[in-house]
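Taking it in order: structure first as structure tokens, then the write-up.
The values are calculated or read from the model by the stated rules, or taken from the named source; none is laboratory data. None of the values given here were measured: they were computed from a predicted structure. No Cβ is skipped: glycine too gets one built from the backbone with ideal geometry, and neighbour counts run over all protein chains shown.
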Amino acid sequence: MTTAQPRAQPPGTPADAARTLRSLRERMPLVHSITNLVVTNTTANALLAIGASPAMVEAAEEAAAFAAQADALVINLGTMTAERARGMRAAAASAQRSGTPWVMDPVAVGALGHRSEVAVALLAHRPQAIRGNASEILALEALSAAGAPRRVRAGRGVDSAHAAHAALDAARHLALRTGAVVTVSGAVDLVTDGARVIRVGNGHPMMTRVTGLGCTATALIGACLAVADPLAASVHGCVLVGLAGELAAERARGPGSLQMELLDALYRLDDATLLARALIED
Amino acid sequence: MTTAQPRAQPPGTPADAARTLRSLRERMPLVHSITNLVVTNTTANALLAIGASPAMVEAAEEAAAFAAQADALVINLGTMTAERARGMRAAAASAQRSGTPWVMDPVAVGALGHRSEVAVALLAHRPQAIRGNASEILALEALSAAGAPRRVRAGRGVDSAHAAHAALDAARHLALRTGAVVTVSGAVDLVTDGARVIRVGNGHPMMTRVTGLGCTATALIGACLAVADPLAASVHGCVLVGLAGELAAERARGPGSLQMELLDALYRLDDATLLARALIED
Amino acid sequence: MTTAQPRAQPPGTPADAARTLRSLRERMPLVHSITNLVVTNTTANALLAIGASPAMVEAAEEAAAFAAQADALVINLGTMTAERARGMRAAAASAQRSGTPWVMDPVAVGALGHRSEVAVALLAHRPQAIRGNASEILALEALSAAGAPRRVRAGRGVDSAHAAHAALDAARHLALRTGAVVTVSGAVDLVTDGARVIRVGNGHPMMTRVTGLGCTATALIGACLAVADPLAASVHGCVLVGLAGELAAERARGPGSLQMELLDALYRLDDATLLARALIED
């Protein structure tokens, strides 16, 4: 099903975030995810908790058809294999043809040669949004500027070696070159379409001790893409996961309970809490 | 090891369910699971919590030999790949030869062409039980009636587009055609061998906001197949997960804590609770 | 990056375990894991909770390069496929060349023909540590003694059919033959370099009802290999997971909450608790 591009929405206030969440719960978008083995379960649960309908379909034989039916597509490069890469490329191409909005999470790109090639190939299918940590965005920008796969300086593995603001220029260039809204996650998240830069201050330091909460942010951006334009979707996805993380941290004794409480918090998030606590600096 | 078919057991009272649970905990059956990437961890944990011994073996090189040794086999079509489909077919064929009882969960069948072919091929190996939501059972019945893979109307992704009772006739036909006991999960679960229809009323609406609890039901049916006949195993598997979900919902603040509490509840389930709260309508 | 072999450290007192934990949190080692589908998420979370930096990289195209950069490598044979076996062999060969210390977890070896072949091939790349249950260590010792893949008596699936002490001689022989420190998990864990035998008494019976806590022990041994010699790393990895399990069991109502509490406990473990409660018998 071809999805009409939602009209531009103001992204910059807590009320805007609350409106996106209401739309998301009314529409219950079908979110097609091809993600990594570490977070398959928690990604599906985060999407269900916020009110979306996740479907994990990764086989190349099925992914293209499914991406055309879905309301949004999430592609995450973690634990990539040659087989999974085939499914990603089929799904991204199909999303581009069908008008299904999609978001890319370039996990560990730059640190590993093979997935850098796949990332560059996927960019040709024009994601509406890209989210990564500073090292990943720096690496992806360099790769896309080079126009061809090459090795770039990058983080050690999946953790960022850079603070978010160090990647702001790269994020702007990447946004302008690809047409995607680019999000750099960090203590403060930076979201840019190449012109505007919006900052999201929600989150909690203990979130870095739970695996895959960056992937959860990407999945929530994906869900929001079904009901909001890419700039609003990216800002509001960051708000949802960051605020849920803050609320969870108030009750958690460590990263085990933080993960559990975060799912509960996504499920319980309401207008009043968003209006009182969303930290968006436009 | 060839498992002697357990003799027919009355399925229809709370006392029958309690007897199945006691047998399961005494025997600790080895349950071979080939399941999807979303629920591998939670399926194994649910089987351990109830008292079974799970083993996830999916490589075609190993799955056939293992299915012959196991006390029961669970095959779940979610996140299927060509590679995993090879393992499923090898395991199902081996289970049929060895007399290992097995249950099939046709996740998203009908919605996706490739897995519909695999589902029809697997039916030839005569599962003792099949469990799905209404859309999946409607689709599988149409596929099996057609005798050949074809596209049928189906749910959007993994969620049912139909209420359970809409699939009752399809479930009866599917049971008669395949010889399997067929379960349609829903607010009330329907279990039929083609003649009798037994209803299970346990469960809680918040369970639909946790990924893979249908897969957990299938896994528990699989464990029960090692100690009870297919009709009793299917009814009691639904009772176990539904009642654990109810108990969990009494303590949960959202879907994150519901998943955790459900595993605790499976572990703590006892005769008295089953006798007091199992909702079986024969 | 070639890691200089850490100098020999005394492994035998609670103070030694506390020193290893402090080193681990200061160094935050990058731990490359190729593990099974059941525990990918919980392994990453356990490594993050204790203070390490996990990275799950399994594609053969990427695994060799990554193992050379990592501070330690964990290879776990559960849910092995031909594809994943290729990644394991590439990673182990690279670790051997680069001096990256690595630990092997021979899940269900002996019970399944294919993974026995892979296990023997991996031993040629000289792991610094091996951890398994009694059945797995008995099977691996027999396989390595035979010098060639063959079928040996083994456990049913992933659970041990033997008590730990029954595998002590096999563990000693395996250590002498391979040069690895060998750990046999059980109610009391046995750790041997072929000469010394150190016993770790921490743990709780309910831990056997949570999937993959043996895999978690292996992952923590891997993390410790980055900061301690193999004997100390193996002993202290067992202490960390066993003590966290004990602390978790004091708060848990069942296996669902035990898994969550164990991650919290790893995160909260401190010197004082280790000094008071580590049970090491040298």
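Hey, does the range C:46-60 have a residue that's surrounded by fewer than 24 Cβ atoms within 10 Å (Cβ to Cβ), closer than 18 Å to C:Ala228 by Cα, in contact with a Lys or Arg (Cβ under 9 Å, 6 or more places away or on another chain) and touching a residue at least 24 places away in the same chain (Cβ under 8 Å)? For the range C:46-60, residues surrounded by fewer than 24 Cβ atoms within 10 Å (Cβ to Cβ), closer than 18 Å to C:Ala228 by Cα, in contact with a Lys or Arg (Cβ under 9 Å, 6 or more places away or on another chain) and touching a residue at least 24 places away in the same chain (Cβ under 8 Å): present.
The set of residues in the range B:220-256 that are more than 16 Å from B:Ser185 (Cβ to Cβ) and either among the charged types (D, E, K, R) or within 14 Å of chain A (Cβ to nearest Cβ) (or both) comprises B:Asp229, B:Ala248, B:Ala249, B:Glu250, B:Arg251, B:Ala252, B:Arg253, B:Gly254, B:Pro255, B:Gly256.
Starting from residues that are among the β-branched types (Val, Ile, Thr) and in contact with a Gly (Cβ under 9 Å, 6 or more places away or on another chain), keep the ones in the range A:240-282 and report whichever is surrounded by the fewest Cβ atoms within 10 Å (Cβ to Cβ). Looking at the filtered set, the residue picked out is A:Ile280. Number of residues in the range A:152-172 that are at pLDDT 95 or above and of a type in the set (Ser, Thr, Tyr) equals 0.
Rundown of residues vs (1) more than 30 Å from C:Thr42 (Cα to Cα); (2) modelled with pLDDT of 95 or more; (3) surrounded by fewer than 18 Cβ atoms within 10 Å (Cβ to Cβ); (4) not basic (Lys, Arg), yes/no style:
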| residue | (1), (2), (3), (4) |
| --- | --- |
| A:Leu174 | yes, yes, no, yes |
| A:Arg177 | yes, yes, yes, no |
| A:Val182 | no, yes, no, yes |
| A:Gly203 | no, yes, no, yes |
| A:Gly212 | no, yes, no, yes |
| A:Ala217 | no, yes, no, yes |
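Condition check ((1) farther than 20 Å from C:Asn45 by Cβ; (2) over 12 Å from the mean Cα position of the chain (by Cα); (3) of a type in the set (A, V, I, L, M, F, W, C)) across all residues:
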| position | (1), (2), (3) |
| --- | --- |
| A:Leu220 | no, no, yes |
| A:Ala232 | yes, yes, yes |
| A:Val241 | no, no, yes |
| A:Gly245 | no, yes, no |
| A:Gly254 | no, yes, no |
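Quick one: would you say A:Thr40 is under 15 Å from the mean Cα position of the chain (by Cα) and among the hydroxyl-bearing types (Ser, Thr, Tyr)?
Values: under 15 Å from the mean Cα position of the chain (by Cα): yes; among the hydroxyl-bearing types (Ser, Thr, Tyr): yes.
Yes, satisfied.
Can you say whether C:Asp193 is touching a strand residue (DSSP E or B) at 6+ places or on another chain (Cβ under 7 Å) and under 14 Å from C:Gly12 (Cβ atoms), as far as the supplied structure shows? Yes: the conditions hold for C:Asp193.
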